[in-house]
Structures are given as structure tokens and as C-alpha cells.
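Only one structure is covered here, and it is reproduced in the block below.
The values are calculated or read from the model by the stated rules, or taken from the named source; none is laboratory data. Because the structure is a prediction, the values reported are computed rather than measured. With ideal geometry, Cβ positions are generated from the backbone for all residues, glycine too; neighbour counts draw on all protein chains shown.
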Amino acid sequence: MEDTAKHQGLRNQLVSILKQKGITDKSVLEAIKKIPRHLFLQSGFQGHAYEDKAFPIKAGQTISQPYTVAFQSQLLEVKKDHKILEIGTGSGYQTAVLCTMGAKVFSIERQKELFKEAANLFPKINIRPKHLSFGDGYKGLPSYAPFDSIIVTAGAPFIPQPLMAQLKVGGRLVIPLGEEVQIMTLLIRVNDTQFEKHEFGEFRFVPLLENKN
């Protein structure tokens, strides 16, 4: 689990790029500066880990580009000890960013291979999510609800009703909506029945899959 001064230098460069692209949240930038993204990639891609690009990981999924991770994290407006539900653990990189920002992260992954790999990696790099779950992200985690915020890391054709129900009043749900191309969408829960909706342009994600037993 090597993390060298060279890696740190490359992370500093990546943070500069993210600032130029409009990421202003200091806690997001600090987390990206600290986390060894190369350890979340397959060996063939590790040399490119600090480029602002998405890469394939196992099970036909991807690790999002750092800008996307930073953008979604910034929209969440994370505070220390916030309870955050993450739909799609994937490589675990987004999970690590949120944990490093001081959040209590509850994460769901439906691909067994990715679930096991992330669960194995986290202790080695001192990342401690509150709860990791193997299952259907469309259902959320009702037994741990309500959440201060919810982040979906795959493209969803619609906003799953259970996720809206599991969000606290005042909470923020960040979800990429759409089939081929997604619109980054922020829902803020105003009260028991009303949500405020904001849209933030086009992104590309792998699809959010459901019906996992």
C-alpha cells in the first residue's frame, strides 16, 4: 500500500485542476489531497490515477473522474458527523472522500466483487465507513434512516421513492438523472411532502441497477 511523495505531488496538481474547474469547498479539496486514488484503481491504470478522468473497474463499472466526485461532494455541503447514505460503493473512492470529510457514511453496493474489494481496502488505508451493505440501492437503508444527505453514484432513470422518504427535512439528495446522459440533480427536502429541485448540467455515469436479492 505504497503512497509516495510523488503521489502526493500529483494529488496537489489534481487539486489545482479542480480549483480551476470551480471546486471551492475546502474540505472536499483537502480530502482529495489526502486520499491515495491510485490504490482504488486496477494496476494497469495506477500510473494515470491523478488525471481528471474516469477509469474502468471490475464488474463493468467505473471509478468516476475526480471532478465528478468533487462536484457531487460539494453539492452535499457535508458537515462533520453528517449521516450520509451512498448508493453505489463502487471502488470506494467516493466513500473515502466523504469519510475523510468527517461524515458517517452508510454505503450500498450491488456487485459482490466490488463490495468485497472495497470492504477489504478500507481498513488498510484507515478509512472507516459506518456501515457497508451488499444489496439494492433503490431501496436505500430504511433501518438506518433518516439521513442528513444521500448521494447516488450511478445514472438513475428516476428518483427512487424510498430514497426521498429516507432523507431528513432540510437534507440534500444528489443524483444523476437520465438514461444515456445524466443531469446532475439536487433535491432539498423542504418538509414532509415538498422537495426543492436544482439542476447542474450534464454528466455521464454507468446505470444504477436494481432488483438485487
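Numerical summary
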read-out	value
Meets criteria (farther than 20 Å from Thr100 by Cα, under 20 Å from the mean Cα position of the chain (by Cα) and assigned to a helix (DSSP H, G or I)) for Ala31	no
Cβ pairs under 8 Å, 6+ apart, first in region 45-70 and closer than 17 Å to Arg110 by Cβ, second among the hydroxyl-bearing types (Ser, Thr, Tyr)	Ile57/Ser91; Gln61/Ser91; Ile63/Ser91; Ile63/Tyr93; Ser64/Tyr93; Ser64/Thr153
Hits in region 180-202 - residues which are touching a Lys or Arg at 6+ places or on another chain (Cβ under 9 Å) and not β-branched (Val, Ile, Thr)	Glu180, Gln182, Leu186, Leu187, Arg189, Phe195, Glu196
Residue check, Lys130 in contact with a helix residue (DSSP H, G or I) (Cβ under 9 Å, 6 or more places away or on another chain), over 27 Å from Gln13 (Cβ atoms) and not β-branched (Val, Ile, Thr)	yes
Test: Gln46 is at pLDDT below 95, surrounded by 18 or more Cβ atoms within 10 Å (Cβ to Cβ) and of a type outside the set (Lys, Arg)	no
Residues located in region 119-138, provided they are in a helix (DSSP H, G or I) and without any contact (Cβ under 8 Å) to a residue 60 or more places away in the chain	Ala119, Asn120, Phe122, Pro123
Enumeration of residues in region 107-124 that are surrounded by fewer than 16 Cβ atoms within 10 Å (Cβ to Cβ) and either under 26 Å from Thr4 (Cβ atoms) or among the acidic types (Asp, Glu) (or both)	Glu113, Asn120, Pro123, Lys124
Any chance Ile175 is of a type in the set (A, V, I, L, M, F, W, C) and assigned to a loop (DSSP other than H, G, I, E, B)	no
Leading residue by the ranking (farthest from the chain's Cα centre (by Cα)) among those in region 1-28 that are in a helix (DSSP H, G or I) and touching a residue at least 60 places away in the same chain (Cβ under 8 Å)	Ser27
